[in-house]
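These notes are about the structure you will find just below.
The values are calculated or read from the model by the stated rules, or taken from the named source; none is laboratory data. From a predicted model like this one, the values you see are computed outputs, not experimental measurements. Quick reminder, even Gly has a Cβ in these numbers, built from the backbone with ideal geometry, and neighbours come from all protein chains shown. These area figures cover heavy atoms from the full protein model, side chains too; ligands, DNA and RNA do not enter into them. Shrake-Rupley method; radii C 1.70, N 1.55, O 1.52, S 1.80 Å.
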Amino acid sequence: MPSINALHEELKARGFTALLVDIQQDRDTVAKTVAARRYTAPVVLDTDGEITQAYGVRATPTLFLVGRDGALLGRAVGPRPWTGPEGRALLEALLADGQ
């Protein structure tokens, strides 16, 4: 998650938004984790599991790439090197295309 947080900070001025979704934990636990890990990306709580079920999340982390038009562009399950050359190239291409 540190890489997603770093990308959020680096690319937000260009239209990139990272939205972190916590699955069925209480607000206090999440707040402590966010503070301890210094997340700056917005965090939402899926307290009843409705988002998790609707999107078919079976493991964490699961990342969804969503275009500005709301269309799903891709999905990745498990950790990925988003700050590495391939991850950056993908995100740069999506941002350049106005997705």
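Filter segment 17-32 down to the residues that are within 30 Å of Leu94 (Cα to Cα) and out of contact with any Asp or Glu (no Cβ under 8 Å at 6 or more places or on another chain) and list them by number.
Hits for segment 17-32 are Thr17, Ala18, Leu19, Leu20.
Sort out which residues of segment 73-87 are open to solvent by 70 Å² or more (accessible area, probe 1.4 Å) and out of contact with any Pro (no Cβ under 9 Å at 6 or more places or on another chain), and write them in order of number.
Leu73, Arg75, Pro81, Pro85, Glu86
Counting just the residues of segment 18-33 that are under 23 Å from Tyr55 (Cα atoms) and modelled with pLDDT of 90 or more, which one comes out most open to solvent (accessible area, probe 1.4 Å)?
Taking the candidates together, the pick is Arg27.
Name the residues in segment 56-99 that are in a loop (DSSP other than H, G, I, E, B) and among the basic types (Lys, Arg), would you?
Those that are in a loop (DSSP other than H, G, I, E, B) and among the basic types (Lys, Arg): Arg58, Arg68, Arg80.
Identify the residue in segment 34-54 that is in a helix (DSSP H, G or I) and closer than 14 Å to Ile4 by Cβ and, among all such residues, is most open to solvent (accessible area, probe 1.4 Å).
For segment 34-54, the residue satisfying everything is Arg37.
Return the residues of segment 59-72 that are among the hydroxyl-bearing types (Ser, Thr, Tyr) and open to solvent by less than 50 Å² (accessible area, probe 1.4 Å); say none if nothing qualifies.
Scanning segment 59-72 gives a single hit, Thr62.
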